[in-house]
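Visitor: Would you mind keeping the following structure in view while I ask a few things?
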Amino acid sequence: MKKFFGLFVLLALALVVSACTSDEKPDTTSDSGSTDKPKDTSSDKGGESAVEIFSWWTGAGEEDGLLALISLFNELHPEIKVENAAVAGGAGTNAKAVLATRMQGNDPPSTFQVHGGEELNKSWVAADKMAPLNDLYEANGWMDKFPDALIEMVSNGDNIYSVPVNVHRGNVIFYNMEVFKEHGIEVPTTVDEFFAVADKLQAAGVVPLSLGDKESWEATQIFENVLAAELGRDDYLKLFAGEIDFTDARVVAAAEKFGKILDYVNEDHASRNWQDSAQLVAEGKAAMINMGDWAKGYFVNDLKLVTNEDFGYFAFPGTVGDFAVITDTFGLPKGIDDIEATKQFLTVLGSVEGQDAFNPLKGSIPARIDADPSKYDDYGKDTIEDFKTAKLFPSLAHGSAASEGFVTKANQAVNIFVTQRDVQNFVDALQNAAPDM
């Protein structure tokens, strides 16, 4: 129990972000052309059933997506009452604190939002708080509807513990197309090409890369992408599996390149959040920003920019062909009252119809590989295609690559490095934290 209590405390304190904004307009049509309708596996239809859905989706876009999903569920299962138990604030931090308290008090919601990967496996699964969902995957024929790498992220041993509803990409750089055109900039595909581009922009008086690291994860996200570029996807996975040390020469090289990248960011980065820094790109004061694709929703919905006219996008240099995955998932906690009603909700959530009702509004792409691309904009279509063919790797900054305990220590090490630029201290701090992965 002491170990489990520690996990709860870590989870309550962890600052992990699921930055999520809306983008595309809702598609109110229900005919996706798919034959994969949600299947009815309920054993208590007609009874007093209820499902409580716990998340931190209360912002524009993400709330719209959740409400669309709930509306679809109500349409399919009017006999089941739905309680939307979303908790606002702190980009998920407040919700996670409430969830930790409830789980510790044996009062779990019917289902809750959790990032696939170690945020799920090293906390709730390790604490024996989750029930396996292998039967649900088998009943719905889902094993070939989600990428194998994504199923592995929500699995522990032979058991599958949650259902992915969406995917965000973390290794994307968005750029101001007018700035690139004005200065004759070509899209860089390697880190060295990025440095050459950054030198040219800096000489022209333009901030090459916008950063807002008022919260801890933004700089960590840049570092994880430099790591993936330096190590390659396969050795990136080995690093977080403990098979490669953080003292490895390539990790040291990644830290050195990360430090050089920081030479090209705006001076006021510590006082900005990611939206503030994205505004610099929108205004042409900065050329690029490395951000998850929720930034696309912010550009389109909030700043009214046009994709592929006002802003463009490309894979983080050195990671072309790779895909940093951030996925929101929902599982089945042990000890809940209405298991069958919850499984019905998870069935809708994992269906083509559920994912296409939710993701166009939230700005993410569907986790399923057979969703309807016509419901998504150009960025969504491109990302859906990349997701099918790219090699996937889990995000460190967003809790999928390592445990909450390690992510907290990594964020602290990154924050110190951003200020001090001491590569040896940075690498040593990561290596010292490695037992917590």
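The values are calculated or read from the model by the stated rules, or taken from the named source; none is laboratory data. These figures come from a predicted structure and were not determined experimentally. Cβ: placed from backbone, ideal geometry, glycine included. Neighbour counts: every protein chain shown. Note: accessible area is taken over every heavy atom of the protein model, side chains too, but ligands, DNA and RNA are not part of it. Shrake-Rupley method; radii C 1.70, N 1.55, O 1.52, S 1.80 Å.
Visitor: Determine whether A278 is of a type outside the set (F, W, Y) and open to solvent by 10 Å² or more (accessible area, probe 1.4 Å).
Guide: Criteria not met by A278.
Visitor: Of all residues in the range 125-173 being under 21 Å from the mean Cα position of the chain (by Cα) and of a type in the set (D, E, K, R), which is surrounded by the most Cβ atoms within 10 Å (Cβ to Cβ)?
Guide: Among those residues, the one meeting the criterion is R169.
Visitor: Looking at this structure, is V418 at pLDDT 90 or above, out of contact with any Asp or Glu (no Cβ under 8 Å at 6 or more places or on another chain) and over 18 Å from E152 (Cα atoms)?
Guide: no
Visitor: Starting from residues that are touching a Pro at 6+ places or on another chain (Cβ under 7 Å) and open to solvent by 10 Å² or more (accessible area, probe 1.4 Å), keep the ones in the range 332-355 and report whichever is nearest to K375 (Cα to Cα).
Guide: Among those residues, the one meeting the criterion is E353.
Visitor: Might you check whether a residue that is among the basic types (K, R), free of Cβ contacts under 8 Å to residues at least 60 places away in the same chain and over 30 Å from I244 (Cα atoms) occurs anywhere in the range 354-370?
Guide: Within the range 354-370 (the criterion being among the basic types (K, R), free of Cβ contacts under 8 Å to residues at least 60 places away in the same chain and over 30 Å from I244 (Cα atoms)), the answer is no, since none of the residues qualifies.
Visitor: In the range 406-434, what count of residues is obtained for those that are open to solvent by 10 Å² or more (accessible area, probe 1.4 Å), small (G, A, S) and within 22 Å of G116 (Cα to Cα)?
Guide: The qualifying residues number 1.
Visitor: A follow-up question, please. Report, by residue number, each residue of the range 313-346 that is under 26 Å from Y175 (Cβ atoms) and of a type in the set (V, I, T).
Guide: Correct list: T319, V320, V325, I326, T327.
Visitor: Just name the residue that is nearest to F393 (Cα to Cα) out of those in the range 101-131 that are out of contact with any Gly (no Cβ under 9 Å at 6 or more places or on another chain) and among the charged types (D, E, K, R).
Guide: Only one residue tops the list, namely D128.
Visitor: Next question, about the same structure. Which residues, taken from the range 312-335, are at pLDDT below 95 and either over 25 Å from D148 (Cβ atoms) or basic (K, R) (or both)?
Guide: Scanning the range 312-335 gives a single hit, G335.
Visitor: Continuing with the same structure: State which residue is nearest to T408 (Cα to Cα) when the search covers only the range 192-229 and only residues that are among the β-branched types (V, I, T) and open to solvent by less than 10 Å² (accessible area, probe 1.4 Å).
Guide: If we take residues in the range 192-229 being among the β-branched types (V, I, T) and open to solvent by less than 10 Å² (accessible area, probe 1.4 Å), then T220 is nearest to T408 (Cα to Cα).
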